Each structure stands twice: as C-alpha cells, then as structure tokens.
Amino acid sequence: MLGKLHDPRKNAVLLAEITGRHLDIGKALKETEQLFQGCLTKDAVPVPTATKKLPVTFSQKFGEVVFRPLSKPAVITEPTKVHADTEGNIYPDWLGRLKQEYNQLQGNITKEVNVADFGAVGDGKTDCTAAFKKAIGSGKVKVIVPEGVFITRGIHLPSWTWLAGAGKGATTIKLHNNADKGARLLTNAHHWRGNHHIMVEGFSLDWNVERLGSEPKTSTWGNHSSCLTYANVTYCWVKDVETINPGLHGVDISSTLYNYAGDGRRAIGGSKYIWVDNVTGYGFGDDGITTHHSDYILISNCHMYDPSGRAHRKGFSNSNGFEIDDGSRNVVLVNNSSARCFGGIEIKAHQNSSAASNVQIIGHISVNDNRSYNFRHIGHHKSEDSESKTAFNIMATNLVSVGPVFSDLYKDSKPRCLVISGYKNVVLNHLTFIGEADYNYHGGPVAAIQYQVRNVVLNNISFKNFSTAGSGIKVFGGKNRADSVEIRNVTAIDSEDSSFELITLGPGLQDVKLEKVKRKREPVLPKK
C-alpha cells in the first residue's frame, strides 16, 4: 500500500523486488545518456505550422505585462550529468559543490541552543512563536527542538541556520489554530533579498488544516499555505522531515513569486542547489513536493501519498506526489515513491509560463496513482496552440507503475502509466508497468504518446495484467500527432483471451520506429 509506515530509503531495494531486475544502474544510466545524445542529433519531423491560432485572451496579455518586469529570458542549459558510484549511489555532477557548502554551513555555526531554553514548551498548546524567534536570532546558530508538539504561527529562518528535531513523529511543529490560511509553517526569512545555507531536519510539520473546518479551498495564492517554502534560497537542505495536511504543498522549492510572463520567460529570484532527502508527506491540498523557476535540485528517497486535493475544486484536483513545474531546470529525482495521487510525477508548465526542462528521474515507484508519469506543457498541445519554446529534455531510468486507477481527485481523468504531451527530446529506459488483473481499463492505452511530441525514445518496457486495456503504447496521429518516436525492446504478458494490442499507431505518422516487440500469452484461470 505504501502508506504512512513506508520507509522510502528502502525504495531502491523495493524497485528490484517489483521488477525482478537487479540493474547495473551505472550501465543503465550510460545507456539512457547515449540514447538522449542520439535524440539531440536527430532532425525530428517538424511540428506543422498552425493555420489558425487561438486569440490571446485579455487576462493572458494582462498577466504577461504584470509579470514581465519580474522575469528574465528562459534559456535551455546543458543537462545535468548524473553518475553512479561503485555502491550504486546516484548523484548529479554538481553535488560536490553542495557538499562543500555544507562544510561552510557547519563552519559558520557559532553556537548550538535548545528552543526549550527560550521558553518553548512542547505540550501542543503553548504558542512558541516568540521562543523560536529568540532562539534563531539573526542566524549562525543550530537550534535543537526536543520531542513534543510545538505550536507556532510560522517560523522564518535567516541565512546560516540549522533547525534540528528529534525525528519524524517525535518532534512536531504545528501551526496555531488562529494562523492565517496563507501561513507558511516554515520558510526562509527574506523572499526578496534571498537567503542561503539553511538546513532543516528531523521533525514533522503539521499545517493543521483542521483549523479551517469544512472550508472547501485550503490555500490562498502563490507559494503561500505550505508546510515548507524555500523561496529565493541557495545552498539549502531538507532531510528526514514529514509534512502533514498542508493547504497547498508539502515542500515548495520556489522563486520569490510564481511568474506568468509567458512561455520563454522565467521568474527572477529562483532557488538553486537544494537537496531534499527522506521527506514523506500526505494530505496535501495540491502537490507533495514541487519546484518552480529553480535550478539544481536533488530530490531523493522521498514518499508522497494520499493528497486531500482541497486546494482545487472538488473532482478537478491536479494533486501530484511530485511536480516539477513552471521554469524549473536541472532537477534530479532519485528513488522516490508515490501512492494514490493524481500524478505520481508530473513534469509540466502552465500555458503562460515556461516549461520545466532538463529533468531526470532515476528510480520511482508509483502505486495506484491515476497517471503515474505525466509530462506536458498545458496550452501548447494542439495544432491551434503555439508550439512550446521550452518543453525540452527529460530522461528517466527504472520507472515502475503499479495499478493506475480512476481517482476522485480528478474524476474524468482516465488511468495511465505514462502520458507525454508537447515535449521534445524524451528518453525513458527500463519501464515496468503492472496493472490490476481484475481492473477494467475500458480499452484505453496504458501509455499515451500524443500532442505534437517529438524525439521520444522508449526502451526496455514491460507490461503485465492489462488485459482490459486497448493497447500498451498508443502513438496518437492526426493533426495533433506525435512523431519521431522510437520504441524498442517491448514485452507484454497477458491472458489468452485478451484483446490487448501491444502498440497501436494513429493515422498520418511519418517517423515511428519499432524494434523487438514481443508478447507472452498466459492461460485464462477459471473464475472462483
């Protein structure tokens, strides 16, 4: 079930158990990189020029004018190189820089204090806001938070600060019953000027959504209403933290403000060089862990599950376990897991912002998410839409989807293991898709490649228990067709009475290559 007791630090072992493969991850990463380099050198079939463009709405024009002074041009940088050491540990090439800055943080901490010595009481009743403020001061301090439940109206961390609890569940920091709906439980002190060198570790963050009662919408605007927001920070860490029932996000690695100046623009004041490790969370109103307009982020050994979706209108909740959103670049996700979300991992952007680019996923387990892996640039999909300027470069290795299902979070969304829309240069290697044997997938595809994607490579894919699905991989044709798609080394196991087609191709495709596609039929078991 991958619920509250799941330890995501065991995800690497669990991946091997589910797939039945003990991948040489270093070799697999090199294979993915080689396939990606091949994508970069290939001339894809051009996206057809739209004969008719949708008119730009007044609100879109107004938004672009308002946000433009707070933005800068979006540039597609060189993708992060990811490596595996001899013990199978996976790390981006910039992690050495972050480790050096970690040593700087340790060297600049001049004292260690206990928040209890400043009047904090972990009784779940006392307002400890002033005590935290006094203990933290102007920084250069490690603040110990002992076991207990500490009530606060919000904590602001200056540069050179280390906040350490006694562990998830042992130490809980909880929002006061009278805190505003837009309150951030924990954040850096200066979103405009920026902060640097902050470490938080070893506690649960309870946003206390119960204080809002039955109020239908649990968030306000922008990067407010979250358990932990890092906005305009550099060299920061989040380790061994649990997020509970945030109005919006569990963890948001963000710019000062979200920015909607249009595709091709990114926000100023983004965050850089952040490591989020062993963070778990549930009950989030939108996403468990999300990034916006920020660079060089490592998210590892994290688990997000069972969102509330209450930041959205009921039945239309795009609540993802992990969302790499507007303007994010060079984000690396390693051995994470998600369960019962709308999306397990979504890489995306809104229509009036730049897409996330240069994203790499190495190891992920998705259980009963509606759409396990969903990559899209909203509003840049159809022939009448403008072609995305920024939806480029996704690599993934060793992804697992178990039992995608319909969800009340987004009532009209059909279950899929994988959906790719509007992106270019996407390489996915070693995919394991396992359906629910008795579940009705109503003839839909398990994986959908659609809406003008180009230069997509899927390699080493296995399907099992999708007898009621129509196809394993569907490459959509027509005026919004996908093209320049390579699908290699595909296997499927299904029952003898299944109408499941391994690959289906839509009309008008010009450049789709299939290689080594095979299936294995199993006898139909008698019903009990």
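The values are calculated or read from the model by the stated rules, or taken from the named source; none is laboratory data. Here the structure is a predicted model, which means the values were calculated and not measured. Cβ atoms come from the backbone with ideal geometry, glycine included; neighbour counts cover every protein chain shown. The accessibility values were calculated without ligands, DNA or RNA, using every heavy atom of the protein model including side chains. Shrake-Rupley method; radii C 1.70, N 1.55, O 1.52, S 1.80 Å.
Quick test of your reading of the structure: GLY169 fulfils all but one of (1) closer than 25 Å to TYR273 by Cβ; (2) touching a strand residue (DSSP E or B) at 6+ places or on another chain (Cβ under 7 Å). Name the failing condition by number.
It is condition (1) that GLY169 fails.
Kindly list the number of the only condition in (1) closer than 27 Å to TRP221 by Cβ; (2) touching a Leu at 6+ places or on another chain (Cβ under 7 Å) that fails for TRP275.
TRP275 satisfies every listed condition except (1).
Which condition number in (1) at pLDDT 95 or above; (2) surrounded by 22 or more Cβ atoms within 10 Å (Cβ to Cβ) is the one that ALA469 fails?
Of the numbered conditions (1) at pLDDT 95 or above; (2) surrounded by 22 or more Cβ atoms within 10 Å (Cβ to Cβ), the odd one out for ALA469 is (1).
Of the residues in segment 26-71, how many are in a helix (DSSP H, G or I), among the small types (Gly, Ala, Ser) and over 30 Å from GLY478 (Cα atoms)?
The qualifying residues number 4.
Name every residue in segment 430-470 that is among the hydrophobic types (A, V, I, L, M, F, W, C), closer than 23 Å to SER407 by Cα, part of a strand (DSSP E or B) and in contact with a Gly (Cβ under 9 Å, 6 or more places away or on another chain), in order of residue number.
PHE433, ILE434, VAL446, ALA447, PHE463
Got a number for residues in segment 271-293 being among the aromatic types (Phe, Trp, Tyr) and buried (at least 24 other Cβ atoms within 10 Å of the Cβ)?
1
What residue, among those in segment 306-335 that are basic (Lys, Arg) and surrounded by 23 or more Cβ atoms within 10 Å (Cβ to Cβ), is farthest from SER255 (Cα to Cα)?
Among residues in segment 306-335 that are basic (Lys, Arg) and surrounded by 23 or more Cβ atoms within 10 Å (Cβ to Cβ), the one farthest from SER255 (Cα to Cα) is ARG310.
Among the numbered conditions (1) assigned to a strand (DSSP E or B); (2) open to solvent by less than 10 Å² (accessible area, probe 1.4 Å), tell me where TYR296 comes up short.
(2) is the only condition that TYR296 fails.
So, in segment 367-376, how many residues would count as being in a strand (DSSP E or B) and open to solvent by less than 10 Å² (accessible area, probe 1.4 Å)? I'd like the intermediate steps shown before the answer.
In the first step, residues of segment 367-376 are kept if they are in a strand (DSSP E or B); the result is 367, 371-376.
Next, only the ones that are open to solvent by less than 10 Å² (accessible area, probe 1.4 Å) stay: 372-375.
Looking only at that region, the number is 4.
I'm trying to understand the selection: among the residues of segment 341-366, which are assigned to a loop (DSSP other than H, G, I, E, B) and surrounded by 24 or more Cβ atoms within 10 Å (Cβ to Cβ)?
Residues satisfying the conditions are CYS341, PHE342, SER353, SER354, ALA355, ALA356.
Just name the residue that is surrounded by the most Cβ atoms within 10 Å (Cβ to Cβ) out of those in segment 34-71 that are closer than 17 Å to LYS389 by Cβ and β-branched (Val, Ile, Thr).
VAL47
Restricting to segment 82-97, what's the tally of residues that are under 16 Å from ARG9 (Cβ atoms) and either touching a helix residue (DSSP H, G or I) at 6+ places or on another chain (Cβ under 6 Å) or not aliphatic (A, V, I, L, M) (or both)?
4
Please determine whether any residue of segment 482-491 is surrounded by fewer than 21 Cβ atoms within 10 Å (Cβ to Cβ) and among the β-branched types (Val, Ile, Thr).
Filtering segment 482-491 for residues surrounded by fewer than 21 Cβ atoms within 10 Å (Cβ to Cβ) gives 486, 488-489, 491.
Applying the additional criterion that residues be among the β-branched types (Val, Ile, Thr) yields 491.
Yes, segment 482-491 contains a residue that is surrounded by fewer than 21 Cβ atoms within 10 Å (Cβ to Cβ) and among the β-branched types (Val, Ile, Thr).
Quick check on my filter: what residues within segment 72-102 are assigned to a helix (DSSP H, G or I), open to solvent by less than 80 Å² (accessible area, probe 1.4 Å) and either touching a Ser or Thr at 6+ places or on another chain (Cβ under 6 Å) or not hydroxyl-bearing (Ser, Thr, Tyr) (or both)?
LEU95, GLY96, LEU98, GLU101
Would you be able to tell me the number of residues in segment 103-120 that are in a strand (DSSP E or B), open to solvent by 90 Å² or more (accessible area, probe 1.4 Å) and over 24 Å from THR234 (Cα atoms)?
0
Within the group GLY270, GLY309, which residue is within 26 Å of TYR102 (Cα to Cα) and part of a loop (DSSP other than H, G, I, E, B)?
Answer to the selection: GLY270.
Would segment 228-240 turn up any residue that is of a type in the set (Gly, Ala, Ser) and out of contact with any strand residue (DSSP E or B) (no Cβ under 7 Å at 6 or more places or on another chain)?
Scanning segment 228-240 turns up no residue that is of a type in the set (Gly, Ala, Ser) and out of contact with any strand residue (DSSP E or B) (no Cβ under 7 Å at 6 or more places or on another chain).
Within segment 159-179, track down each residue that is closer than 23 Å to ILE268 by Cα and either in contact (Cβ under 8 Å) with a residue 40 or more places away in the chain or surrounded by fewer than 18 Cβ atoms within 10 Å (Cβ to Cβ) (or both). Working first, answer last.
First, the residues of segment 159-179 that are closer than 23 Å to ILE268 by Cα: 159-160.
Once the filter is applied, which keeps residues that are closer than 23 Å to ILE268 by Cα and either in contact (Cβ under 8 Å) with a residue 40 or more places away in the chain or surrounded by fewer than 18 Cβ atoms within 10 Å (Cβ to Cβ) (or both), segment 159-179 yields only TRP160.
Taking only pairs six or more apart or across chains, which ones have beta-carbon atoms under 6 Å, a first residue in segment 411-432 that is closer than 16 Å to ARG376 by Cα and touching a residue at least 24 places away in the same chain (Cβ under 8 Å), and a second residue that is open to solvent by 10 Å² or more (accessible area, probe 1.4 Å) and charged (D, E, K, R)?
Short answer, once both residue conditions are applied: ARG416/ARG371; VAL419/ARG371; SER421/ARG376; GLY422/ARG376.
Could you check segment 168-215 for strands (runs of 3 or more DSSP E) lying wholly inside it with 1 or more residues that are farther than 17 Å from VAL238 by Cα and of a type in the set (A, V, I, L, M)? Walk me through it before giving the result.
Details: elements: 171-175, 186-188, 195-206.
Per the criteria, 171-175.
Restricting to segment 377-411, count the residues that are under 22 Å from ASN336 (Cα atoms), assigned to a loop (DSSP other than H, G, I, E, B) and of a type in the set (Gly, Ala, Ser).
2
Does any residue of segment 225-245 turn out to be open to solvent by 10 Å² or more (accessible area, probe 1.4 Å), free of Cβ contacts under 8 Å to residues at least 40 places away in the same chain and assigned to a loop (DSSP other than H, G, I, E, B)?
No - not one qualifying residue is present in segment 225-245.
For segment 246-259, which residues satisfy the criterion of being surrounded by 24 or more Cβ atoms within 10 Å (Cβ to Cβ) and in contact with a helix residue (DSSP H, G or I) (Cβ under 7 Å, 6 or more places away or on another chain)?
Matches in segment 246-259: GLY247, ASN259.
Starting from segment 32-47, keep only residues that are more than 18 Å from MET395 (Cα to Cα), then list their pairs with residues that are of a type in the set (Gly, Ala, Ser) and surrounded by 14 or more Cβ atoms within 10 Å (Cβ to Cβ) whose Cβ atoms are within a distance under 7 Å, requiring at least 6 positions of separation or different chains.
Close Cβ pairs satisfying both conditions: VAL45/SER484.
Looking at segment 180-200, which of the residues that are under 17 Å from GLY250 (Cα atoms) and touching a helix residue (DSSP H, G or I) at 6+ places or on another chain (Cβ under 9 Å) is surrounded by the most Cβ atoms within 10 Å (Cβ to Cβ)?
Here the residue is MET199.
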